[in-house]
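Worksheet: the structure to be examined is printed underneath.
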Amino acid sequence: MNEYAIPKVWIFDSESGGTWSKLNRPTAGATHEATLPEGKHPLQLYSLGTPNGQKVTIMLEELLALGETGAEYDAHLIEIGESDQFSSGFVGINPNSKIPALIDRSDEKPVRVFESGSILLYLAEKFGHFLPQQLAERTEVMNWLFWLQGSAPYLGGGFGHFYSYAPEKLEYPINRFSMEVKRQLDLLDQQLATKKFIAGEQYSIADMAIWPWYGNLVRGVLYDAGEFLDVQSYTNVQRWAEEIWQRPAVQRGRIVNRTWGEPWEALPERHQASDIDNVLMLKP
């Protein structure tokens, strides 16, 4: 393999290769005009059922399970493979052109919320659930929420890209990011050795943020890398991941805006609770 000769000035190569490479570009802003669809509920979610998207739909389904009818929502599919995230409508909600993005129309002036962690925090504060009020406990939840926002890119854009999507299997980046992901799993395993949930004894937005990434990883449904990373050795993370998976709201939320997988785990759009019910009924 030839060593990369670093040019004096970097030039964008649109033919860089690899899955999803055509979505990457060195500029921000809209590439085309398009109006986003709107449903009947105050909360309008624009997303895709990736781990970042699952965080928010799990949160909304958990709120609905508690009887918070104001958390009813429409979930519109954003096909990132078709560049929906670069439309003028989507960029108007999230100038960063990443899913998920939320519009709350429950007040006179609509509120836009983007970045998955910000959406979780917004919903927790709006409805008063899954975020402790006591300063110490609240801070611990926020510690882990921010940990996830900083750590998941090493798992997704780092390990996931080079292990699953890059045009070449390169030893250095795979080893580099595998080491970091295993360090993260070890950290979570030590934390969960003495805690029922990530931030303590109460289920919180920290769990909802972390589970779609690391829970799905150790369950073997993310990157198909369970054996490679020896995820079975992280017994405390395994216990936690299974306990979260058993929650009905998690099983409901994880299928929303999902376009792949078995028929019973794919619901491209959600506009009412029965949409999820009808899909889950297909499970053998």
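The values are calculated or read from the model by the stated rules, or taken from the named source; none is laboratory data. This is a predicted model, so every value here is computed, not measured. Neighbour counts run over all protein chains shown; Cβ positions are idealised from the backbone, glycine included.
For segment 219-238, a residue qualifies if it is surrounded by 15 or more Cβ atoms within 10 Å (Cβ to Cβ) and among the charged types (D, E, K, R), and exactly one does: 219. Restricting attention to segment 171-185 and to residues that are surrounded by 14 or more Cβ atoms within 10 Å (Cβ to Cβ) and not aliphatic (A, V, I, L, M), the residue that is farthest from residue 230 (Cα to Cα) turns out to be 173.
Every listed requirement among (1) closer than 21 Å to residue 260 by Cβ; (2) in a loop (DSSP other than H, G, I, E, B) is met by residue 81 save one, (2). Of the residues making up segment 215-240, those that are outside any loop (DSSP other than H, G, I, E, B), hydrophobic (A, V, I, L, M, F, W, C) and over 15 Å from the mean Cα position of the chain (by Cα) are 218, 231, 237, 240.
If you scan segment 201-215, which residues turn out to be touching a helix residue (DSSP H, G or I) at 6+ places or on another chain (Cβ under 9 Å) and surrounded by fewer than 18 Cβ atoms within 10 Å (Cβ to Cβ)? Hit for segment 201-215 is 202, nothing else. Within segment 125-170, being part of a helix (DSSP H, G or I), in contact (Cβ under 8 Å) with a residue 24 or more places away in the chain and surrounded by fewer than 17 Cβ atoms within 10 Å (Cβ to Cβ) holds for 137, 143, 146, 149, 164, 165. Of the numbered criteria (1) at pLDDT 95 or above; (2) farther than 21 Å from residue 116 by Cβ; (3) not hydrophobic (A, V, I, L, M, F, W, C), the one residue 18 fails is (1).
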